[in-house]
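The values are calculated or read from the model by the stated rules, or taken from the named source; none is laboratory data. Quantities reported herein were computed from a predicted structural model and do not represent experimental measurements. FYI the Cβ positions are ideal-geometry reconstructions off the backbone, even for glycines, and counts take in every protein chain you see.
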């Protein structure tokens, strides 16, 4: 289907009515035009080449650490903080969830910024801004000449049938969606944050997700970034079977690095996409930006970087599969690796990628399998002799945070000696429960089962 020249006018008027800046409107028009012309944003396997090896941060020299330490005074920590954690039943910023030792993600991140002596900047959404700023009032030294946050934009959903703006009178908020975290580059400009950082002498930004507490400022990685004068750098980790459906690093025949997300993979290339021996590295979404290089590139492109489009098929009300089919036009911030000539990537250990996406992840991090270090890193408990604990909770009873916490009223059990935990059915835990080895709890009864205080569980249990 092709679009008439005036088709975008209704989108522009709608966005202007919401006081969205011209740059945001022109950026959305760039992607809308691609959609209307029939582009899909798909990247075929035949057009890319696997990345065979990368510099490994675990081999970096002490000299790089020294270089990074020197560059810290010109570096900011930038966290994506727009998510509400609705998947876990939250209606506030996910980063405000208590995660370890009574502290929230955001409180730990603030401490990490203080430890590194770098400013903390959040990319907030309208939904997360006020609550997050309130929490950070206790960290008075973070409030200096650099604003504490800036706002991401929103864009209209597009009706699939005729490419018009989606309408949903029952809840007009559902007519809009976030444009993906690739919006960070546009929002840095429209908010004035990029100009402020450059005017204040900042040259480097380390960008990561607020729910990934493994993403701390590492002087050795910063040192490598500075030493090699890279405009953009992505941290990647080894793909495992658990990561095969996520985006991976690749390169074009001219060796330019690119990122391919699952939504950009043609159906016939799925097997190659998920082959972790072919495409070995996934994007941790830990990125390093050279701010002057970003400013220069934006200036040459009229502030539209031209990131690869991601066309997501949804319904206008995501909870109603019978509602109007729409497209959500998004971009991924990591895909900027394709538009910075000379961009780089480094392999990092899995410890730098520890996001909390589900209550399974949250339970593991809250347990004694992880500890909060004196410098506010969340790491595997050194006393643990096993690998990463794998938790699988029954989504019928534990998916939402309130449901999960109701079944662990005295805190999560000890997992320091647990390799894998699987719970099927409704199970409530008492005090001081210890799990060892591989534990499978099965409750097929029509009522809740209870684990008594001081119980040690190992192996399979029919409750």
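Within the range 103-116, can one find any residue that is under 19 Å from residue 400 (Cα atoms), surrounded by 19 or more Cβ atoms within 10 Å (Cβ to Cβ) and not assigned by TED's automatic domain parsing to the domain that holds residue 373? It would help to see each step written out before you state the result.
Applying the first criterion (under 19 Å from residue 400 (Cα atoms)) to the range 103-116 yields 104-105.
Retained after the next criterion (residues that are surrounded by 19 or more Cβ atoms within 10 Å (Cβ to Cβ)): 104-105.
Checking which are not assigned by TED's automatic domain parsing to the domain that holds residue 373 leaves us with 104-105.
The answer is yes; a qualifying residue exists.
For residue 283, work out the one condition from (1) more than 22 Å from residue 39 (Cβ to Cβ); (2) part of a loop (DSSP other than H, G, I, E, B); (3) in contact with a strand residue (DSSP E or B) (Cβ under 9 Å, 6 or more places away or on another chain) it doesn't fulfil.
Unmet condition: (2).
I'd like to know if the range 238-257 contains one or more residues that are buried (at least 16 other Cβ atoms within 10 Å of the Cβ), part of a loop (DSSP other than H, G, I, E, B) and at pLDDT 90 or above.
Yes, the range 238-257 contains a residue that is buried (at least 16 other Cβ atoms within 10 Å of the Cβ), part of a loop (DSSP other than H, G, I, E, B) and at pLDDT 90 or above.
For residue 95, which of the numbered conditions (1) over 17 Å from the mean Cα position of the chain (by Cα); (2) closer than 22 Å to residue 183 by Cβ fails to hold?
Failing condition for residue 95: (1).
Pick from the range 407-430 the residues that are touching a helix residue (DSSP H, G or I) at 6+ places or on another chain (Cβ under 6 Å) and more than 24 Å from residue 387 (Cβ to Cβ): which of them is surrounded by the fewest Cβ atoms within 10 Å (Cβ to Cβ)? Reasoning before the result, please.
Looking only at the range 407-430, we keep the residues that are touching a helix residue (DSSP H, G or I) at 6+ places or on another chain (Cβ under 6 Å), and these are 412, 426, 428.
If we keep only those that are more than 24 Å from residue 387 (Cβ to Cβ) as well, we get 426, 428.
Numbers: 426: 19, 428: 14.
Looking at the filtered set, the residue picked out is 428.
Take the conditions in contact (Cβ under 8 Å) with a residue 24 or more places away in the chain, out of contact with any strand residue (DSSP E or B) (no Cβ under 7 Å at 6 or more places or on another chain) and not in a loop (DSSP other than H, G, I, E, B) and apply them to residue 376. Does it pass? Show your work before the answer.
Numbers: in contact (Cβ under 8 Å) with a residue 24 or more places away in the chain: yes; out of contact with any strand residue (DSSP E or B) (no Cβ under 7 Å at 6 or more places or on another chain): yes; not in a loop (DSSP other than H, G, I, E, B): no.
No.
Within the bounds of the range 49-67, is there any residue that is out of contact with any strand residue (DSSP E or B) (no Cβ under 9 Å at 6 or more places or on another chain), under 17 Å from residue 182 (Cα atoms) and either surrounded by 12 or more Cβ atoms within 10 Å (Cβ to Cβ) or assigned by TED's automatic domain parsing to the domain that holds residue 280 (or both)? Outline the logic, then answer.
Kept after step one, since they are out of contact with any strand residue (DSSP E or B) (no Cβ under 9 Å at 6 or more places or on another chain), are these residues of the range 49-67: 52, 59, 61-67.
Now drop any that are not under 17 Å from residue 182 (Cα atoms), which leaves none.
There is no residue in the range 49-67 that is out of contact with any strand residue (DSSP E or B) (no Cβ under 9 Å at 6 or more places or on another chain), under 17 Å from residue 182 (Cα atoms) and either surrounded by 12 or more Cβ atoms within 10 Å (Cβ to Cβ) or assigned by TED's automatic domain parsing to the domain that holds residue 280 (or both).
Look through 59, 75 and report the one residue that is within 24 Å of the chain's Cα centre (by Cα) and over 28 Å from residue 313 (Cα atoms). So that I can check it myself, show each step before the final result.
Numbers: 59 fails: within 24 Å of the chain's Cα centre (by Cα).
Answer to the selection: 75.
Which of the residues that make up the range 408-442 are within 30 Å of the chain's Cα centre (by Cα), more than 14 Å from residue 392 (Cα to Cα) and assigned to a strand (DSSP E or B)?
414, 416, 417
Taking the conditions exactly as written (surrounded by fewer than 20 Cβ atoms within 10 Å (Cβ to Cβ), within 22 Å of the chain's Cα centre (by Cα) and touching a residue at least 40 places away in the same chain (Cβ under 8 Å)), does residue 295 satisfy them or not?
no
I'd like the full set of residues that are assigned to a strand (DSSP E or B) and either within 27 Å of residue 392 (Cβ to Cβ) or not assigned by TED's automatic domain parsing to the domain that holds residue 180 (or both), limited to the range 315-362.
355
Within the range 95-209, which strands (runs of 3 or more DSSP E) (wholly inside it) include 2 or more residues that are out of contact with any strand residue (DSSP E or B) (no Cβ under 8 Å at 6 or more places or on another chain)?
No strands (runs of 3 or more DSSP E) qualify here.
Residue check: is residue 54 closer than 23 Å to residue 205 by Cα and in a helix (DSSP H, G or I)?
Working: closer than 23 Å to residue 205 by Cα: yes; in a helix (DSSP H, G or I): no.
So residue 54 does not fit the description; no.
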